[in-house]
Amino acid sequence: MMEIRIENLQQAAGKQAILRGLSLTFQPGAVNVILGPNGAGKTTLLRLLGLLDSPAGGEIHYDGAAASALDRSGRTAMRRRIGFVFQAPLLLAGTVRQNLEYAGRLRRIAADRRGIDRVLSETGLAGREDQEARQLSGGEKQRLQLARVMLLDPELYLLDEPTANLDPLSVKNIEVAIQRLAKSGKTILLATHNLIQARLLAERIFFLKDGRLVQEGGVEEVLSRPISLDIAEFSAAENIISGDIGFSEGVTFLDSGKIRIEVASEKRSGRGAAVIRPEDILVSRQPIASSARNSFVGRIAAVVDLGVVLSLSVDCSGEVFTVFVTRHSFEQMNLVAGVDVALTFKATAVHLLPIE
Amino acid sequence: MDYLLEGLRQGLALLFPPSREVLQIVGLSLVVSLSATLLAAIGGVPTALFLALKEFRGKRLVVGAVNTALAVPAVLIGLVVYTLVSRRGPLGALALLYTPGAMIIAQALLAFPIITALALAALKGIARDTRDLALSLGANRRQLAVALIRQGRFAFLTALIAGFSRIVGETGMTLMVGGNIKGQTRVLTTAIALETMKGNFEIGIALGIVLLLVALGINIALQWLQGK
């Protein structure tokens, strides 16, 4: 299992700094998700780790070996332990099989029928070997890129937003393949800004912004207890309500000017933002009797079908909440736009961030 | 009008069958211009690859210089090569003036910026991707070079065709450094110029047809290669 440690890593494009001194250690043999908005430096970081570019400063250690100490053949040898899946698929003209064979030939790995069949079936491309690679759909091209890397069986996988803008089937295929690779002990670095994917796959999350590490930790830690508004906005963009923190009758609350949300916090005053995950909000037709301290009635403004679940926008006195309901409850409760519903959540489900 | 048609008729008659002199002129034209194209490509293709792949301080200046070199008049290159290879010049000892060698040097210098600039323009879109792909799959230096040449072959051939077409039809500069010596440095263009000025239109026309055919033939051959 390859361990990657980086130290004060810096990169710039012209005068523009992209990575501003990044130091972190990725978890070997696990899916490490690199999360962050566009321009955070995710691609730049992966390219440096893949030895495709040279950093402006800092150091990368692969199993303790410093990248800067590698000579040309050392770098080639290290690249052979690494697989890179580019965000925009890089495929050669020719068939699917020829693309796989090219990779095998470069590395003098016999890309025989068995190996090719195996990686194609693991990426859901079985039977496609004679198709023109550049005429595949976007999702299939991405799966072929992954299959090509899998054929070479590297220890470290660098995946740069491999499922961005792909069809659901391809996304599923790629996610399953990633999970299987992680189980077999590969170290995986996955850059994404798909939160559902991060929750599904990540064992560790690294949140980058403006070329800096903002937060690092387990999935729950980073996504449910973000230490900065940047992460909250990015990860729980659904429900962030800002207002004044107040304290009365033994409870801390946040007053947005439109609604008042009870929070479990030691804070007594100042400005703050309440972050509430959509999945922590219970939706019902009538207000329910519960120990939960927050209950609001609102009207469904919009419904978005996400497949297994539906996302509702509910307007409660001018604050719009995003909530999830399963298809089953959605149908049972007869929910459509314009219907009034009650939203209930616990004070402890509210994560309060101070705003300076 | 009549004398044009007559010239054309006589010109065609001269080519079927072609005289030894015509064959020799055609042969020398091909040898000189193909050698010059090859020489320019040996310099220009790696330069274009280097410029397409590497980021360095002053790169824009270098690319600008290559593009500016496209506008340098052939006669100026002729002047420079003449001074270089004339007896008192730095390469005078090689006694290259009025030899095919001097013509090749001059034509290669003329073709170099054309090949470099065109190859660079066409490579822009593919060089980085090809490099990323090959390196990420673990290619070594030689494998990377092979991948770049394979992926860039269209770009290179297009550039070579343009370079060759330019120099095979070049006259003034070739005359300056070659001297148009019968049987030694006389090529198609210089022969056409001479014969036309002597009033031998029919020979000029005959050679003009050959020049067109040579250019066409080389283009077809290279395009056929591209298709492969």
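May I ask you to find the residues of the range B:119-135 that are shielded by at least 40 Å² of accessible area once the whole protein assembly is considered instead of their isolated chain (probe 1.4 Å)?
Hits at the 40 Å² cut-off: B:D132, B:L133, B:L135.
Do any GluC sites (Glu not before Pro) in the range A:223-331 lie in a loop, going by DSSP, with at most 11 other beta-carbon atoms within 10 Å of their beta carbon, and if so which? Walk me through the intermediate numbers first.
Details: sites: A:E233, A:E238, A:E249, A:E262, A:E266, A:E279, A:E319, A:E331; in loops: A:E238, A:E249, A:E266.
Those satisfying the criteria are A:E249, A:E266.
Accessible area of A:H351, 1.4 Å probe, to the nearest 10 Å²?
30
Mind checking the range B:125-183 for trypsin sites (Lys or Arg not before Pro) that DSSP puts in a loop (not H, G, I, E or B) and that have at most 14 other Cβ atoms within 10 Å? Intermediate results must be reported in sequence, preceding the final value.
On the way: sites: B:R128, B:R131, B:R141, B:R142, B:R150, B:R153, B:R166, B:K182; in loops: B:K182.
Answer by residue number: B:K182.
How big is the charge dipole of the range B:79-199 about its Cα centre, in debye rounded to the nearest 20, if each Lys and Arg gets +1 on its Cβ and each Asp and Glu gets -1 on its Cβ?
Values: 13 positive and 4 negative charges, 45 e Å.
Computed about the Cα centre, the dipole is about 220 debye.
Name the shape class, rounded, prolate or oblate, that the alpha-carbon gyration tensor gives for the range B:35-95, where a ≥ b ≥ c are the square roots of its eigenvalues, rounded holds for a/c under 1.5, and otherwise prolate holds if a/b is larger than b/c and oblate otherwise. If you can, show how the numbers build up before the last one.
Numbers: a/c = 2.41, a/b = 1.97, b/c = 1.23.
Prolate, because a/c is 1.5 or more and a/b exceeds b/c.
Restricting to DSSP H runs of at least four residues, report the calculated mean residue ellipticity at 222 nm for chain B, -39500 (n - 2.57) per run over all residues, nearest 500 deg cm²/dmol. Kindly include the intermediate steps, with their values, before the conclusion.
On the way: 10 runs with 179 residues, N = 228.
Result for chain B, helices only: -26500 deg cm²/dmol.
Mind giving me the FRET efficiency for A:S224 and A:A13? R0 is 22 Å, r the Cβ-Cβ distance, nearest 0.05 is fine.
Numbers: r = 34 Å, r/R0 = 1.56.
The formula returns an efficiency of 0.05 here.
I'd like the orientation of helix A:96-106 relative to chain A: the angle between its Cα long axis and the longest Cα principal axis, in ° from 0 to 90, rounded to 10.
60
Taking Cα centroids, how far is the range B:1-35 from the range B:61-112 in Å?
28
At 1.4 Å probe size, with the rest of the protein present, what percent of the exposed accessible area of the range B:1-81 is carbon and sulfur atoms? Before the final figure, lay out each step's value.
Values: 3770 of 5190 Å².
Roughly 73 percent of what the probe reaches on the range B:1-81 is carbon or sulfur.
Can you give me the pair-distance distribution of the range A:263-316, C-alpha pairs, 10 Å bins, whole percents?
16, 45, 30, 9, 0
With a ≥ b ≥ c taken as the square roots of the eigenvalues of the C-alpha gyration tensor of the range A:71-116, please select rounded if a/c is under 1.5 and otherwise prolate if a/b is larger than b/c or oblate if it is not? All intermediate terms of the calculation are to be shown ahead of the outcome.
Details: a/c = 2.34, a/b = 1.38, b/c = 1.69.
Oblate is the answer for the range A:71-116, as a/c is 1.5 or above yet b/c matches or exceeds a/b.
Pull up the cross-link candidates among the lysines for A:K267, meaning alpha carbon to alpha carbon under 19 Å and not fewer than 8 places away within one chain.
The reachable lysines, counting only those whose Cα sits under 19 Å from A:K267, are A:K346.
Using a 7 Å offset from Cα along Cα-Cβ at A:D53, what residues in the range A:78-99 end up with backbone N under 19 Å from the label point?
Of the residues in the range A:78-99, A:79, A:83-90 have backbone N under 19 Å from the label point off A:D53.
Suppose R0 equals 35 Å. What FRET efficiency, 1/(1 + (r/R0)^6) with r the Cβ-Cβ distance, do B:R128 and A:S256 give to the nearest 0.05? List each step's numbers first, then the result.
Details: r = 49 Å, r/R0 = 1.40.
Computed FRET efficiency for B:R128 and A:S256 comes out at 0.10.
Between A:R180 and A:S311, how many nm apart are label points set 7 Å from Cα along the C-beta direction?
Each label point lies 7 Å from its Cα, and together they span 3.0 nm.
Of A:A93, A:N38, A:I6, whose Cα points farthest to the positive end of the dipole of the range A:1-154 (charges on the beta-carbon: +1 Lys, Arg; -1 Asp, Glu; origin at the Cα centre)?
A:A93
Quick check: convex hull over the Cα atoms of the protein assembly as shown, volume per residue in Å³, rounded to an integer?
Details: hull volume 141.3 nm³, N = 584.
Convex hull volume per residue, Cα atoms: 242 Å³.
Among the lysines, select those whose C-alpha is under 27 Å from the C-alpha of B:K124, and discard any that sit fewer than 8 residues away in the same chain.
A:K15, A:K42, A:K141, B:K54, B:K59, B:K228
With a 1.4 Å probe, how much accessible area is buried between chains B and A, both sides summed, in Å² to the nearest hundred? Provide the component values of the computation, followed by the final result.
Values: alone 12840 and 16590 Å², together 27790 Å².
Separately minus together, B and A give about 1600 Å² buried.
How high is the relative contact order of chain A, in percent, counting Cα pairs under 8 Å that sit 6 or more residues apart?
On the way: 746 pairs, mean separation 57.5, N = 356.
After rounding, I find 16 percent.
From the square roots a ≥ b ≥ c of the eigenvalues of the alpha-carbon gyration tensor of the range B:83-228, which class results: rounded (a/c under 1.5), prolate (a/b over b/c), or oblate? Intermediate results must be reported in sequence, preceding the final value.
Values: a/c = 3.64, a/b = 1.78, b/c = 2.04.
Oblate is the answer for the range B:83-228, as a/c is 1.5 or above yet b/c matches or exceeds a/b.
Whole-Hz ³J(HN,Hα) for each residue in the range A:126-143, computed from phi via Karplus 6.51 cos²θ - 1.76 cosθ + 1.60 with θ = phi - 60°, x for glycine and proline: what do you get?
Calculated HN-Hα couplings, in order: 3, x, 9, 4, 9, 7, 5, 4, 6, 9, 5, 6, x, x, 5, 4, 5, 5 Hz.
If I compute solvent accessible area with a 1.4 Å probe over the protein chains, what percent of it on the range A:225-356 is carbon and sulfur? Display every interim value, and only then the final one.
Numbers: 3350 of 6630 Å².
So the carbon and sulfur contribution to the accessible surface is 50 percent.
Per DSSP helix of 4 or more residues, -39500 (n - 2.57); summed, then divided by the residues of chain A. What does that give at 222 nm, rounded to the nearest 500?
Details: 10 runs with 94 residues, N = 356.
After summing the helix terms and dividing by residue count, I get -7500 deg cm²/dmol.
At most 15 other Cβ atoms within 10 Å and a DSSP loop assignment: could you name the chymotrypsin sites (Phe, Trp or Tyr not before Pro) in the range A:191-293 that fit?
Hits after loop and neighbour filter: nothing returned.
Helix B:100-136: angle to the longest alpha-carbon principal axis of chain B, degrees 0 to 90, nearest 10?
Once rounded, one gets 30 degrees.
Return one whole number: the accessible area per residue of the range A:117-202 in Å², for a 1.4 Å probe. Mind dumping the intermediate values first?
Details: 3320 Å² over 86 residues.
On a per-residue basis, the range A:117-202 sits at 39 Å².
Given charges of +1 on the Cβ of Lys and Arg and -1 on the Cβ of Asp and Glu, with all other atoms neutral, how large is the dipole of the protein assembly as shown about its Cα centre, in debye to the nearest 20? Let's see the in-between values first.
On the way: 62 positive and 50 negative charges, 433 e Å.
For this selection, approximately 2080 debye.
Radius of gyration and Dmax for the range A:55-198's Cα atoms, expressed in Å?
15.5, 46
The values are calculated or read from the model by the stated rules, or taken from the named source; none is laboratory data. It should be emphasised that the depicted structure is a prediction, and the values quoted were computed from it without experimental measurement. Virtual Cβ from ideal backbone geometry, glycine too; neighbours counted across all protein chains shown. We work out accessible area using only protein heavy atoms, side chains counted, and drop any ligands, DNA or RNA first. Shrake-Rupley method; radii C 1.70, N 1.55, O 1.52, S 1.80 Å.
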